[in-house]
Structures are given as structure tokens and as C-alpha cells.
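Values quoted throughout were computed directly from the atomic coordinates according to the rules given, and no laboratory measurement underlies them. Owing to the predicted nature of the structure, the values given are computational and were not obtained by experimental measurement. For neighbour counting, all protein chains shown are included, and Cβ atoms are generated from backbone atoms with ideal geometry for every residue, glycine included.
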Amino acid sequence: MDLADFAIAIMAAGKGTRLKSKRPKVLHEIGGQALLLHVIAAAKTVVPAERIYCIVGHEAERVQRAVEGTGVGFVMQAEQRGTGHALQMVKAWFGLGSMPIPKHLLVLSGDVPLIRPETIRAICEEHLREHAAMTILTATPPDPTGYGRVLRIAPDGPEVMAIVEQKSLRPEQLDAPEINSGIYCFDTAKLFSKLDSLSTNNAHGEFYLTDIAAMLVEDGERVVATRADSVDEVLGANTIAEMMHLDAAMRLATARRLMARGVTIFRPETCVIDAQVEVGADTVIEPYVQLLGDTRVGTECRIRSYSVVQGSVLGDGVMVRNGCILDGAEVGDGAILGPYAHLRPESRIGEQAHVGNFCETKKMTLGRGSKANHLTYLGDAIIGAGVNIGAGVITCNYDGVMKHTTVIGDGAFIGSDSTLVAPVEVGVGAYVAAGSCITEAVPEGALAFGRARQVTKPDWVAKRKAARTGGQRT
Ligand code: UD1
Ligand code: CA
């Protein structure tokens, strides 16, 4: 379908008073992403960003900053005097003449985040097919309380008489079941011709965009309603509790999408998986796992319980044992992590490598098959293949002012409890004796000790005892 005649306005200027939060409502997150970003992403699948306008007002700068990367335009609604007022600002903006007025205007709500591209397309199609002045997307949820209600002229006909806000419902209308989703298509000229006649004569003292429906009908214009396929996707988020309900719905949808592609997720309701996460077939995700941000996991991996993986890329056949935290890490095929490994940004773990319990890594590479199995800090390090890092080894990367690099060649062996004071280099195949403090380069194939030689005093204990008791045996 050609949507060339369409532009999209997204209402995102409101404060979200019902959230009781300092953060603007549209920047609250579900599925790991701000509400408004979800709506923009859906909008961008039907028209290009140049024809999408976000109406911003409350904390406008903060909202703009959060979504400017999407390339959408902005219309300022400095004072938030209602959804009708928001569209008055759009009209005024087009009045400036920098962009031609689109024939049709699709209006989305920044706080209705689960809306799917298919549904947006469907309402646009319906709008064109019906030759309507206004097309309203509706749903019939189990509990319609709080929403505006769409009153049809005939129950089974598409024509609408009016939208009535919750607070304006007459007693006999209170259980009108069909809700207004806050998503509409307008014939732009017809919408613009009515906006100036809106009044604030209502319970909230606001300009209601919803009043446009009855005004158009009064003019003999065609206003129609079309039901969304699923109720969930048109639910609004006015309170934190409602938002968390949407978050759960979205994450369950993500889990289902992954399971449909062959991923096993035990107890998916306990897992927190962001919408953009990708996981390969035959990977197993245990309960209470979090996969966040742009994380990509290969095939045949296992992610054990209580691990949190953020913005990381895992190859195939990776084992993440319990309680690992990965942030901005890259992990090669067949690597084994944890339990309780902490991989910080720019950690690159090679194929078949092991990073074991209580190991912390940062800005480093660990070559193929290398092992750091216990209690280690490896930061600002370049570690070759087949290296063995003993328990308790620490790269001392920070001199109080600058960070320095430790380089360890292929096949080297770093004995337990050694400290490598960077900048320092351990050559290929070199050995560092346990308990060493290495401050100078260790050449290829060498053995380096960096510790005091052991002193052993035979019978020392007995001699001391004797000295204390003045030579008297007791
Ligand atoms: C609105 C509808 C209601 C519908 C519901 C669906 C009106 C009068 N009512 O009610 O019929 O059932 O959505 O979720 O439209 N906004 C602005 N500028 C403003 C006021 C609001 O941009 O001056 C934005 C908000 O940021 C929000 C959206 O418009 O994203 C909807 O506003 P909100 O106050 O949440 O309307 P509801 O009371 O939910
Ligand atoms: Ca709302």
C-alpha cells in the first residue's frame, strides 16, 4: 500500500501525572526501551522518519535527546493543554509552510507502546477504504475503565457517533465496552478545520482530541471505528503498574518469538529478555536469566540461572554458568564462563577459553583456549592463546594516573597469586613463578621469580617456646 500521502504525529508532550515520577512518561521503559522509542520504531516501518513528528512539551529537551537518533522531527507544545491542543500545535507548525500538509495524518500516542506495524497499516488501509474523515482504532478489553469509549451509531456498523471520556460517561454509558486506543487516522484538512472549535468545557479543562469525532459527525462527515486484532497492543500505560503489565506482555512476546525459533527457555516468565535480543536455535536459557540491550547469543549455548548479559555477543556453544555478569563483552565459540564471572566492557574471550569463578575482566583479549579459572583480575591486557593464568593473578593496570597494558604471549604460564605490574610483557611460553610480583619483561621461554626466597628455620617453634619459659621444660 502506498502511504506516500501519510504523515505521523506522535503525542508525547504530556507529563504523566498519574505515574508520580519525575521522569517524563514517554521515557519510562518497557522491554528495556523507552515507550516513545517503541512507538517511533513502529511508525518508521510505515513512513520515513522525515514524515514523523513527535509532539514534545514536558521536559521537551530530555525527550528530544532520548530519541533524536531516530531522525524524527519535533513539534513543540510548550504548555500541555490536552490532546486536542497537541494537534493544534501540529496545525500551527504546518502553517509555517516549511513542509507540505499531508493528505492524511496518522496520530499515535506516545504511551501506547505495543502497537504493531501491521495494525498501523491496517488502520491506514481501512481509513482509505472507508473514505473516512476520521478512523479510530479501538479494542474491547475485559475492563474498559479509565479509557474513552467509542459509541457506534449501530453496534455492527463501522460508523461512530462520538468518543466519550471516562469522566463524561453518563450512568447508562458506564459499561460501554469499546475503548478508544488513542490512535487515529485523519483527513488532515478536515481535522485542521475543526481544531480551532474545540473547547475546554469538560472534566479536565483540556482540549480533547476525542471531541473531534462528534464535531465531524455533526458536519455530516464519516467517522469510523476499526477493532485491533489484539487487545494488548492498544493498552495505554498511565500508571507504573499498567506499564509493568505491558512490560511483562512484551517480554513474554519476545520469549515466544525466540522459542518459535528453537530456543529453549525454562520458566520464561522469570526471564527478562529485551525486545531486540537475538538467540540462536538449540540454546538453552535457564530460569532467572536476563538478556539485555543488543545482546546476540549463538546456537547451542547454555545460559544458566542468575546470569545477566547486557550488550554482549556470544558465539556458538558457549556455556555461561550461574551468576555471571557480562557487559559489552564478546565471547568466542565454545568458551566457558563462570560461575560468577564478571566480564566488563571490551572483554574479548577467545574460542574455547575459560574464565572461571570470581574472575573480572575489562578491556582485554584472552586468546583461544586460554584459561583463567579462579579469582583473577585481568584489565587492559592482551593475552595470547593457550595461556594458563593461575588463581589470584592480578594485572596491576593503574598507576594512580594512567592505565597501562599487560601483554602475555601464547602458551605462557602465570603462577598463582602473581601480580603483573603494567606496562609489562611476558614472552611466548614463559613461566612466572607463583607469588611473583613482575615488574620487568619476561623473555620468551624464560622462568621469572619475583618474590623473596623462602627462609626455613628448623625447630624454630620449639626453640621459641624454650626461650619464653627461660629454658625450663614444662
Ligand atoms: C486518551 C484519550 C482516551 C483514550 C486513551 C487511550 C483524550 C482526551 N483521551 O486518554 O479517549 O482512551 O488516550 O490510551 O485524548 N499528550 C500530549 N499533550 C497534552 C496531553 C497529552 O502530547 O497536552 C500526550 C501524552 O503524552 C500521551 C497522549 O497524549 O502520550 C495521551 O494523553 P493522556 O493524558 O495519557 O490521555 P488519556 O487520559 O490516556
Ligand atoms: Ca494515556
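A few notes on this one:
- Rg [Å, one decimal], Dmax [Å, integer] - the chain, C-alpha atoms: 31.8, 119
- Dividing the convex hull volume of the alpha-carbon atoms in segment 263-448 by its residue count gives 81 Å³ per residue.
- Added length on full extension, which subtracts the Cα-Cα distance from 0.36 nm per residue, E346 to M76: 93.2 nm
- Share, in percent, of DSSP beta bridges within the chain that are antiparallel, nearest 5: 20
- Net charge of the neighbourhood of M89, taken over other residues with C-beta under 10 Å away and scored Lys/Arg +1, Asp/Glu -1, is +1.
- Nonlocal amide H pairs with V297, under 5 Å, H built at 1.01 Å: E278, V279, G280, L314
- Placing unit charges on each Cβ (+1 for Lys and Arg, -1 for Asp and Glu) gives the chain a dipole about its Cα centre, and among L106, A433, A203 the Cα reaching farthest toward its positive end belongs to A433.
- Converting phi to 3J(HN,Hα) with the Karplus coefficients 6.51, -1.76 and 1.60 and the offset θ = phi - 60°, segment 154-169 yields 10, x, 9, x, x, 6, 10, 8, 6, 10, 10, 5, 3, 6, 9, 5 Hz in sequence order, with x at every glycine or proline.
- Cross-link table K25/K403; K15/K194; K167/K190, entries beyond 30 Å C-alpha to C-alpha: K25/K403
- Put a plus charge on the Cβ of each Lys and Arg, a minus charge on the Cβ of each Asp and Glu, and nothing anywhere else: the dipole of segment 6-234 about its Cα centre is then about 680 debye.
- Converting phi to 3J(HN,Hα) with the Karplus coefficients 6.51, -1.76 and 1.60 and the offset θ = phi - 60°, segment 253-258 yields 5, 5, 4, 5, 4, 5 Hz in sequence order, with x at every glycine or proline.
- Placing +1 on the Cβ of every Lys and Arg and -1 on the Cβ of every Asp and Glu, with nothing else charged, gives the chain a dipole about its Cα centre of roughly 2580 debye.
- Listed from fewest to most Cβ neighbours within 10 Å, the set E218, E278 follows the order E218, E278.
- Residues whose placed amide H lies under 5 Å from that of V442, excluding near-sequence neighbours: E425, V426, G427
- Karplus-derived 3J(HN,Hα) values for segment 451-464, using 6.51 cos²θ - 1.76 cosθ + 1.60 with θ = phi - 60°, are 8, 5, 5, 6, 10, 10, 10, x, 6, 4, 5, 5, 5, 5 Hz; glycine and proline are entered as x.
- Its Cα gyration tensor gives segment 340-382 an equivalent ellipsoid; the semi-axes, largest first and in whole Å, are 13, 13, 8.
- Environment charge at R251 (Cβ cut-off 13 Å; Lys +1, Arg +1, Asp -1, Glu -1): -2
- Mean sequence separation of contacting Cα pairs (under 8 Å, at least six apart), scaled by the length of segment 263-448, corresponds to a relative contact order of 10 percent.
- Sorting F449, F186, F6 by the number of Cβ atoms found within 10 Å of their own Cβ, with the fewest placed first, yields F449, F6, F186.
- Each of D211, D294 was scored by other Cβ atoms within 10 Å of its Cβ. Arranged with the fewest first, they read D294, D211.
- The chain, helix-only ellipticity at 222 nm - DSSP H runs n ≥ 4, -39,500 (n - 2.57), divided by all residues, nearest 500: -6000 deg cm²/dmol
- Summing charges over neighbours of E165, with a neighbour being any other residue whose Cβ is under 11 Å away from its Cβ, gives 0 when K and R count +1 and D and E count -1.
- Near R451, the amide H atoms lying under 5 Å from its own belong to C437; only residues 5 or more places off or on other chains count, and H is placed 1.01 Å from N.
- Projecting the Cα atoms of T45, I382, T145 onto the dipole axis of the chain, where Lys and Arg carry +1 and Asp and Glu carry -1 at the beta carbon, places I382 farthest toward the positive end.
- Whole-number percent relative contact order across the chain, with pairs defined as alpha carbons under 8 Å at least 6 apart: 8
- Three-way shape call for segment 217-308 based on the alpha-carbon gyration tensor, with the a/c threshold at 1.5: prolate
- Peptides 259-270, 408-419, 16-27 ordered by packing proxy, namely the average of other Cβ atoms within 10 Å per residue, highest first: 408-419, 16-27, 259-270.
- Rounded is the label for segment 249-298, because a/c, from the alpha-carbon gyration tensor with a ≥ b ≥ c as root eigenvalues, stays below 1.5.
- E118-K463 pseudo-label distance in nm [points 7 Å out on the Cα-to-Cβ vector]: 8.7
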